[in-house]
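Only one structure is covered here, and it is reproduced in the block below.
What follows is calculated from the coordinates using simple rules that are stated; it is not laboratory data. Because the structure is a prediction, the values reported are computed rather than measured. Methodologically, a virtual Cβ is constructed for each residue, glycine included, from the backbone with ideal geometry; neighbour enumeration extends over all protein chains shown.
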Amino acid sequence: MTPLLNNQEIESLKLTQPIPLTCHPAAVYLDSLGEGSKLTMTHSLNAIASLLTNGECDALTLDWSKLRYCHTEAVRSVLVKRFAPSTVNKMLAALRRVLEIAFKLDLMEQRDYLHASDLARVKQEKKLRGRALTGAEIEKLLASCTNSERPLDVRDGAIIAILRGGGLRRAELVNLNLADLNLKEGSLEILNSKGNKDRMVYLPQSAIPLIKKWLKIRGKEPGPLICWVTRGGNLKLRTMCTDAVLKIVQKRAKKLGIDSFSPHDFRRTFCGDLLEAGVDIVTVQKLAGHASPVTTAKYDRRGEDVKRRAVQYLEF
């Protein structure tokens, strides 16, 4: 691939000497994120830095304050050709925030900042990606976990129970601590990236035995609710990464002959099943943690028959 910049331009974008992390735009931005988002955005910024310098810089060795519109627009052009619109927009959002922080730290002139950050979002298809899981597929997945006493299988059974029964995002799942679980109420307290309460999620009673089974293995020590388990069955009480959750469900799907799906498809299924069951959209919105019911409505799988039946309640 032809480098975006020549050697002289690449050298001009390298930090000449280390600077305190409190004055480093990328470091300040990443430090403001939750653990799940931090990993994703670190990858994004590393990719952008590498792209600009032909692999010579990462997020912490690039001088972000030197970026100008010619650099950022060139990055956008390459990203559009390589990634899906949602991924490009996520990466550009990280880039804009780093430039904003560089400006706030007085590392960039206002004119340079405004021009460099003036990047158009990539238009996305309105149709949601992914799919809903069938009841038979969910039963098959759970059976592969519950018919075993291996710590790995028991842990994965708890993961599936929480994703399916609570509609959580991957990052929300891995950031759960034991203290966030209330077995008596069957509830999970979901915290936002700043550690403040975001919402309360309630699990179906059928999910509780799977979680209790996992807790017998996990123990009562404070820390992450879901943690690492080695192939030998040894527990490591540390937070899992979101990619690990993706690999877990994909590996089980492949082994069981189930069409590929992502952890987020449990969330799609959660919202769609509740709406099909007649739960009002505002309640589903609150359970899912959507900012707007418009987002929740995208998961509505009900067709014309529902609308046709609905008008029959009207009388003249």
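With a cut-off of 16 Å, note down the residues of segment 207-231 whose backbone N falls inside the zone around a label point 7 Å from the Cα of residue 238 toward its beta carbon. Within reach of a label on residue 238: 223-231. Taking 0.36 nm per residue of separation and subtracting the Cα-Cα distance, full extension of the segment from residue 32 to residue 309 would add 94.9 nm. Taking Cα atoms only, the orientation of helix 242-256 departs from the longest principal axis of the chain by about 50 degrees. Taking trypsin sites (Lys or Arg not before Pro) that fall in a DSSP loop and have at most 15 other Cβ atoms within 10 Å as cut points, what is the longest piece of the chain between them? In short, 1-67. Mean separation of Cα pairs under 8 Å and 6 or more residues apart, divided by the residue count, gives the chain a relative contact order of 15 percent.
When the listed pairs 184/247; 213/236; 90/247; 140/220; 123/298; 90/298 are checked against a 24 Å cut-off, the alpha-carbon distance exceeds it for 184/247; 140/220.
Taking 0.36 nm per residue of separation and subtracting the current Cα-Cα distance, fully stretching the chain between residue 87 and residue 43 would add 14.7 nm.
Can you give me the Cα centroid spacing of segment 248-316 and segment 100-177 in angstrom? Using only Cα atoms, the two centres lie 17 Å from each other. Only helices enter this figure: runs of n ≥ 4 DSSP H residues, each worth -39500 (n - 2.57), summed and divided by the residues of the chain, yield -16000 deg cm²/dmol at 222 nm to the nearest 500.
The ranking of 24, 43, 71 by Cβ neighbour count inside 10 Å, starting from the fewest, reads 43, 71, 24.
Does segment 135-302 classify as rounded, prolate or oblate by the C-alpha gyration tensor (a ≥ b ≥ c root eigenvalues; a/c under 1.5 gives rounded; else a/b over b/c gives prolate, otherwise oblate)?
Working: a/c = 1.76, a/b = 1.26, b/c = 1.39.
Since a/c reaches 1.5 but b/c is at least a/b, the shape of segment 135-302 is classed as oblate.
When GluC sites (Glu not before Pro) are flagged only if DSSP places them in a loop and at most 12 other Cβ atoms lie within 10 Å, the longest unflagged stretch of the chain comes out as 186-314.
Put a dot 7 Å past the Cα of residue 277, heading toward its Cβ, do the same for residue 143, and the two dots end up 2.2 nm apart. One chain, two ends: residue 184 and residue 70. Fully extended at 0.36 nm per residue, the span grows by 35.3 nm beyond their Cα-Cα distance.
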